[in-house]
1. Select, from 22, 70, 82, 35, the only residue that is small (Gly, Ala, Ser), exposed (fewer than 15 other Cβ atoms within 10 Å of the Cβ) and modelled with pLDDT of 95 or more.
2. Out of 101, 125, which single residue is over 27 Å from residue 213 (Cβ atoms), within 16 Å of the chain's Cα centre (by Cα) and aliphatic (A, V, I, L, M)?
3. Answer yes or no as to whether residue 178 is of a type outside the set (Gly, Ala, Ser), touching a Lys or Arg at 6+ places or on another chain (Cβ under 8 Å) and either loosely packed, with under 15 Cβ neighbours inside 10 Å or touching a residue at least 40 places away in the same chain (Cβ under 8 Å) (or both).
4. Mind checking which residues of segment 204-214 are surrounded by 13 or more Cβ atoms within 10 Å (Cβ to Cβ) and either more than 21 Å from the chain's Cα centre (by Cα) or of a type in the set (A, V, I, L, M, F, W, C) (or both)?
Amino acid sequence: VSKVVVAVDGTSGSGKSSTSRGAASRLGLRYLDTGAQFRAMTWWMLQHGVNIHDPQAVADSAGKPDIESGTDPLDPTITVDGDDASIAIRTEQVTNSVSPVSAVPEVRARLLELQREIIGDGGIVVEGRDIGSVVWPRAQVKLYITADPAARAARRAAEEGGSDLGATQESLLARDKIDSGRAAAPLVMAEGAQHIDTTPYSLEEVISQVVALVEAAG
Ligand code: C5P
């Protein structure tokens with residue numbers, strides 16, 4: 001288990017993050033949230049007045065921010081140009097802007113380099129959309145995590161403290177559509193991935209399933 005790479009991909013709001021963090025923590029592995037890196041890139045662009053709907057402008061800026069990801073599953077702090085951006089990257093503005101930024105190949109290339117460097121020789125749970133397909137196709141364990149849109153919206157709305165269910169579901173589905181439809185590294189179920197539909201399970205049940213799968217893989 002100590003050098004394993006666990007690739008966790010799936011739709012927005014499916015429980016990927018909580019599951020990945022919980023499993024990493026129980027297994028004594030590091031954790032990398034690649035979605036946070038795309039959010040950090042997006043946040044930097046919004047801060048610096050880059051038009052995120054202009055792919056050329058986004059591509060030209062992709063190399064500029066200095067993004068560093070913490071890998072402690074209990075405290076995955078992310079910094080941008082040295083400042084803690086962990087809270088700033090979760091705003092609705094970033095959430096609604098991140099998918100077009102993530103579709104730009106130059107952004108993906110820049111972050112791919114950081115991601116592979118952090119994965120290094122393993123011992124890590126890596127979460128995102130293209131981990132099993134592009135970032136680390138040789139991962140020993142690949143998971144594809146989904147949940148019914150209504151269940152995802154209900155969980156997300158509860159986390160956000162009672163935001164509108166219908167609007168939350170629409171925003172999740174809009175993000176999935178862009179993430180699955182883009183040309184560069186779209187969200188797909190990677191070859192060899194195991195599908196977990198978390199709809200009927202509690203978080204603890206899903207974490208236990210993942211821990212068992214990783215232990216079974218050696
Ligand atoms: O996981 P999270 O919802 O925070 O990811 C935010 C966005 O980052 C996704 O909607 C997607 O556009 C992008 N992303 C990606 N590839 C990854 C991880 C995230 O394109 N590996």
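The values are calculated or read from the model by the stated rules, or taken from the named source; none is laboratory data. Everything numeric here is computed off the predicted structure, so don't read it as measured data. Heads up, the Cβs are rebuilt from the backbone with ideal geometry, glycines too, and the neighbour counts pull from every protein chain shown.
1. After applying the criteria, what remains is 82.
2. Being over 27 Å from residue 213 (Cβ atoms), within 16 Å of the chain's Cα centre (by Cα) and aliphatic (A, V, I, L, M) holds for just one of 101, 125, which is 101.
3. Against the criterion (of a type outside the set (Gly, Ala, Ser), touching a Lys or Arg at 6+ places or on another chain (Cβ under 8 Å) and either loosely packed, with under 15 Cβ neighbours inside 10 Å or touching a residue at least 40 places away in the same chain (Cβ under 8 Å) (or both)), residue 178 does not qualify.
4. Across segment 204-214, the qualifying residues are 206, 207, 210, 211, 213, 214.
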